[in-house]
1. Please determine whether any residue of the stretch 146-162 is within 14 Å of the chain's Cα centre (by Cα) and under 18 Å from L22 (Cα atoms).
2. List the residue pairs whose Cβ atoms are under 9 Å apart, where the first residue sits in the stretch 67-85 and is without any contact (Cβ under 8 Å) to a residue 12 or more places away in the chain and on the phi > 0 side of the Ramachandran plot, the second is buried (at least 16 other Cβ atoms within 10 Å of the Cβ) and in a loop (DSSP other than H, G, I, E, B), and the two are 6 or more positions apart or on different chains.
3. Under the condition of being among the small types (G, A, S) and more than 15 Å from the chain's Cα centre (by Cα), which residue from the stretch 116-145 is nearest to A195 (Cα to Cα)?
4. Please report, ordered by residue number, the strands (runs of 3 or more DSSP E) entirely within the stretch 154-218 with at least 1 residues that are over 23 Å from A122 (Cα atoms).
5. Looking at the stretch 55-89, which of its residues are touching a strand residue (DSSP E or B) at 6+ places or on another chain (Cβ under 8 Å) and either charged (D, E, K, R) or exposed (fewer than 14 other Cβ atoms within 10 Å of the Cβ) (or both)?
6. Please verify whether the stretch 155-162 includes one or more residues that are over 28 Å from Q45 (Cβ atoms), small (G, A, S) and surrounded by fewer than 16 Cβ atoms within 10 Å (Cβ to Cβ).
7. Of all residues being in contact with a helix residue (DSSP H, G or I) (Cβ under 8 Å, 6 or more places away or on another chain) and free of Cβ contacts under 8 Å to residues at least 40 places away in the same chain in the stretch 1-30, which is farthest from T102 (Cα to Cα)? Just the residue, please.
8. Can you confirm whether the stretch 92-106 contains a residue that is surrounded by fewer than 18 Cβ atoms within 10 Å (Cβ to Cβ), more than 21 Å from Q45 (Cα to Cα) and touching a Pro at 6+ places or on another chain (Cβ under 8 Å)?
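The values are calculated or read from the model by the stated rules, or taken from the named source; none is laboratory data. The shown structure was predicted, so the numbers you read here are calculated from the model rather than taken from an experiment. Here the Cβ is made from the backbone with ideal geometry for all residues, glycine too, and neighbour counts use every protein chain on show.
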Amino acid sequence: MSRPFRAVLFDLDGTLTAVPSLWQHLHEALGFRAGGACAHQEEFQEGRISYEEFCLRDAAHWKGMLEADLRAISDRIPYRAGTRECVEDLKRAGMLVGVVSTGLTILAERVHRELDLAFTIANRLVERAGRLTGDVKVNVVHARKGEAVDLFCAQFGIEARDVIAVGDSEGDISMFARSGFSISVNPREDRTPGAASVVHREESLVGLPILVPVARPR
């Protein structure tokens, strides 16, 4: 016997968009990448600071800036080819579709609205009166995206094994492990494809729903 999959949770940066990191994209657009921002990333990757500290140091670069200015940059980021068609096909198949991102709500909120998603969670820059405080609310931790799968399941009354996870990087592996099926989209690191059930190596997402199983064995 089999049971139907009920939901698909996508990573955002590098999966639904071709920009691999909104944080990095903002730093490059604002001229901060060559400064401390690159050093913070290296410290995190080497295990010298926590993910939360990494995010806080990154957000501090934008202290005092208008949130609207960063949102305007993120608003210009296009979707990966075939994203809208892919999401609509999954919805027609009866799937709930959501996003789990270690990126930022200034992009994730637009995606949620434009794609009419059921669920979206991302990290939020703190602002007061429209200006960024330099703080950040970390809602999704790198390498702990599986926790967000549990939040989604609790909200919709779905078992994690009935969820399909889609992502492109090592940060998505915990989401893959927590879900019943997983798809690695144009994987950027060596470990990512081996952690997924299948790999999608096309620039467009139009063909991705073909890889989504209708049901899984009980």
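1. No, the stretch 146-162 contains no residue that is within 14 Å of the chain's Cα centre (by Cα) and under 18 Å from L22 (Cα atoms).
2. none
3. At the first step, the residues of the stretch 116-145 found to be among the small types (G, A, S) are 118, 122, 129-130, 134, 143.
Checking which are more than 15 Å from the chain's Cα centre (by Cα) leaves us with 129-130, 134.
Values: A129: 43, G130: 41, G134: 35 Å.
In this case the residue turns out to be G134.
4. Numbers: elements: 163-167, 181-185, 198-200, 215-217.
So the answer is 198-200, 215-217.
5. D58, K63, G64, E67, P78, R80
6. There is at least one residue in the stretch 155-162 that is over 28 Å from Q45 (Cβ atoms), small (G, A, S) and surrounded by fewer than 16 Cβ atoms within 10 Å (Cβ to Cβ).
7. The extreme case among them is H27.
8. Scanning the stretch 92-106 turns up at least one residue that is surrounded by fewer than 18 Cβ atoms within 10 Å (Cβ to Cβ), more than 21 Å from Q45 (Cα to Cα) and touching a Pro at 6+ places or on another chain (Cβ under 8 Å).
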